[in-house]
Structure formats: C-alpha cells, structure tokens
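Single-structure report; data block below.
The values are calculated or read from the model by the stated rules, or taken from the named source; none is laboratory data. Remember, predicted model here, so these are calculated numbers, not experimental data. Cβ coordinates were reconstructed from backbone atoms using ideal geometry, including for glycine residues, and neighbour counts include every protein chain displayed. Remember, those area values only see protein heavy atoms, side chains included, never the ligands or the DNA or RNA. Shrake-Rupley method; radii C 1.70, N 1.55, O 1.52, S 1.80 Å.
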Amino acid sequence: MANLPFLRRVALKTLALRPGSSHALFLLLRRRPLSDAAHDPPFSPKPLGRTPKPRRSKARKEPPGSSPGGDPERPVGSDLPFDFKYSYSERSAAVDPIGFREPPRFSPFGPGRIDRTWTGTSAPAREAPDPEKAAGERDRVLGAPLSEEEVAELVERYRHSDCNRQINLGKGGVTHNMLDDIHNHWKRAEAVRIKCLGVPTLDMDNVCFHLEDKSGGKIIYRNINILLLYRGRHYDPKQRPVIPLMLWKPYAPIYPKLVKNVAEGLTFEETKEMRNRGLNSPPLTKLTRNGVYVNVVEKVREAFETEEVVRLDCKHVGTSDCKLIGAKLRDLVPCVPILFKDEQIILWRGKRDTESNSTSHA
C-alpha cells in the first residue's frame, strides 16, 4: 500500500469502508492505473479564481506648471508678465477688500508649488514686468496680419455651434485656469471658439482685452457673445508658457457695502421715496440666468435720459449675480444702485445730469 498513488490509496480506503457501494469505482481505478510522477504531485493549495497580474507602476503625470512630485522645495517659476488671479476680468483693482473669508496663507496653487506669494486676491510677479518686451514677444508670435481670405476660412471653420474647439466663459469671466485650456486647444487648432454668457457679457470689451493680453492671441471674430481667439502664425506648442494651475477656487474677499442705507446726495426720506418709486415702476428689461446682457448698459443709459429711477427684473438670476450686475452697471453707466430686493435691481442715475444741465444752461 505504501507505493500506491495518493488517489488509489484514497479509493482503496473508501472501498474498505464501503465495499458494496464502490465496486464500479474500484474497477475504474484498476482499468486506468495512475503514475506517481504525473498524477501525485505534492500537496499545495491553489487560490480560487484568477490570479491577478502584478500592476505596472507608471510615473504619475503632474499637471503643467506644477512642481515635480509636489516637492515644496522645488517650486515652479513662471515668466508670465502679470499677477496671477482667479479672475482677470471680474476683479477690479480699484476697490480694495476690507477682509478675507480664508487666511491668505492658503494659496489656491497648493503649498510650495509656485515661486510667488499669495496675498489673498493675487500672486504678484517677483519682478516688475517689461511692457515693451512682452509686446515684442507677442508681435513675434502673431507674425504678419492675416489676410481677409485667411480670416474668412478660420471663421467658417470655428464659428459654428458644433465646433469641438470651444470654451464656455461663465460668470467667473477670464479665469486663470482658462488660459491653460486655451493653450491646450491651440496644440491642435489655430483658433479657439469662446462662448460668453452671464455677467461678463455686460462688458465684452473688457473680456476681449484680457483674453488677448493674458493669452497672447488675437480676436479675429466677434459676434455678440461669440469670439474667435487666434494663436498666431509662429505659435509653437512646445514653447508654450508655464501656467501653474489653481487647485481650487479661492473664496471671494469681503468688499465694502455696495448699497448704502442713505444714498450719497440724498436724505433718508428721499432715498426711501426713490426706492418705492423704483419698485412700483415697470421693469426696463427682464434678465435671465446665464443670459446675454450685451445691450443692457445702453438701455439703462437711454432710460436715464428721461427717467430718474430704473428697475431691472432679474427673476431667477440669483442674488449673487444681481449684486455682480449692479456693481458692473455702477461703473459702466455710471449710476447708483439703491436697492436689491426680491431679485429686483433699483438704479438711480444720481445728480450728475442735473448739475451738468444747469452748468451748460448757465
């Protein structure tokens, strides 16, 4: 019994216990003898299921402009000649914040990823920019101006709504990370289509300026809220500028109160009477959420030629967008916002018109 294979020994033990019920199995084992070398390997348990293959360790790709491996001792430097901000077109440098909702030490670029210091609103350049040098580099990349035929060909290729080279510009305006998206599209396309919606469409000239100034391209087509940004004749994707990405959207700082209890130049009773007149007046126009507001400034200016108070119906626009619209109209018209209530904006034209008319009459 010692030299029998393992399976035959098990079978014989089974037959010894139950000789009457395993006669067929005994005959089968006698008819097909087993060899020790092929069918009696040493006992080794096998795992159930498929054995997973070892995964290859791939090198992690860091985003453009980030330090290799996130090493804080090796920050990335960028020679872009402007201060880094979350939004370039919707943050006015004329009004200083009075407070911050998060400590300025928390940089949205991540700890130690860039060689600039975050101040709470921007990351200033380490050296003063040279405007002439930046303008010369931009002219070199753009090259000779495009002919009318070349412009028409690019416009026909990229202006349609089904273009796959499109960037949507929302209420954040021209943001910092949008610059990286533009250069990513410029790798494979000569121009990129930009569709603008929401608050930035109140001042499209400002949007076009910051797009050209921060990206180095040129606007070759503008139709209401649709823009085409051309990269230039001598643009080299391998020589694109280093743009460190913002890892999160920073909290907006605290600015001075937009609407005062008493409007400047009026008494408390006059301010209250102006607000009641505005709420009871018919709306000048109705604004929709993420709409196109390119004609709102002109409408308000024309209305102020005959009216002293104007109401804008901003139903479903949102409280935050209403305040952004009021702040932009204050600077563009200009006018004085005196009330934000139930998504209604009440604007007062101020006393400048009366004073200017009396001066011209004298």
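Examine segment 148-169 for a residue that is over 19 Å from the mean Cα position of the chain (by Cα), within 23 Å of Phe82 (Cβ to Cβ) and surrounded by fewer than 15 Cβ atoms within 10 Å (Cβ to Cβ), and state whether such a residue exists.
There is no residue in segment 148-169 that is over 19 Å from the mean Cα position of the chain (by Cα), within 23 Å of Phe82 (Cβ to Cβ) and surrounded by fewer than 15 Cβ atoms within 10 Å (Cβ to Cβ).
Considering (1) within 15 Å of Lys218 (Cα to Cα); (2) in contact (Cβ under 8 Å) with a residue 60 or more places away in the chain, say which one His176 fails and leave the rest.
Unmet condition: (1).
Scan segment 134-146 and tell me whether some residue there is among the acidic types (Asp, Glu) and in a loop (DSSP other than H, G, I, E, B).
The answer is no; no qualifying residue exists.
What is the residue count in segment 109-133 for residues that are small (Gly, Ala, Ser), in a loop (DSSP other than H, G, I, E, B) and either at pLDDT 90 or above or over 14 Å from Ser78 (Cα atoms) (or both)?
2
May I ask you to list pairs of residues, at least six apart or on different chains, whose Cβ atoms are under 7 Å apart, with the first in segment 282-307 being free of Cβ contacts under 8 Å to residues at least 24 places away in the same chain and the second being in a loop (DSSP other than H, G, I, E, B)?
Taking only residues 6 or more apart or on different chains, the pairs are Lys299/Leu284; Ala303/Leu284.
Can you run down the residue pairs with Cβ atoms below 6 Å, 6 or more apart or on separate chains, where the first is in segment 90-115 and closer than 28 Å to Pro200 by Cα and the partner is open to solvent by 30 Å² or more (accessible area, probe 1.4 Å) and of a type in the set (S, T, N, Q)?
Pairs that qualify, where the first residue is closer than 28 Å to Pro200 by Cα and the partner is open to solvent by 30 Å² or more (accessible area, probe 1.4 Å) and of a type in the set (S, T, N, Q), are Pro104/Thr119.
Residue by residue through segment 175-205, note down the ones that are farther than 14 Å from Ile226 by Cα and open to solvent by less than 40 Å² (accessible area, probe 1.4 Å).
Passing the criteria: Thr175, His176, Met178, Leu179, Asp180, Ile182, His183, His185, Trp186, Ala189, Val199.
Let me confirm something: among Lys46, Lys85, Lys61, Lys53, which residue is at pLDDT 80 or above and out of contact with any Cys (no Cβ under 7 Å at 6 or more places or on another chain)?
Going through Lys46, Lys85, Lys61, Lys53 in turn, the sole match is Lys85.
If I go through segment 232-251 residue by residue, how many of them are under 17 Å from Val174 (Cα atoms) and open to solvent by 50 Å² or more (accessible area, probe 1.4 Å)?
4
Could you grab the pairs with beta carbons closer than 9 Å, sequence gap of 6+ or different chains, first residue in segment 328-342 and under 22 Å from Val294 (Cβ atoms), second one assigned to a strand (DSSP E or B) and not aliphatic (A, V, I, L, M)?
Listed by first residue and then by second, the contacts come to Leu329/Pro337; Arg330/Pro337; Cys335/Trp348; Pro337/Trp348.
Anything in segment 286-318 that is of a type in the set (Ser, Thr, Tyr) and open to solvent by 90 Å² or more (accessible area, probe 1.4 Å)? List them, or say none.
Answer for segment 286-318, where residues must be of a type in the set (Ser, Thr, Tyr) and open to solvent by 90 Å² or more (accessible area, probe 1.4 Å): just Thr306.
Would you mind finding the one in Arg188, Arg193 that is within 23 Å of Val141 (Cα to Cα) and in a strand (DSSP E or B)?
Every option except Arg193 fails the conditions.
Can you name the residue in segment 264-274 that is at pLDDT 90 or above and more than 12 Å from Glu308 (Cβ to Cβ) and, of all such residues, is least open to solvent (accessible area, probe 1.4 Å)?
Here the residue is Thr271.
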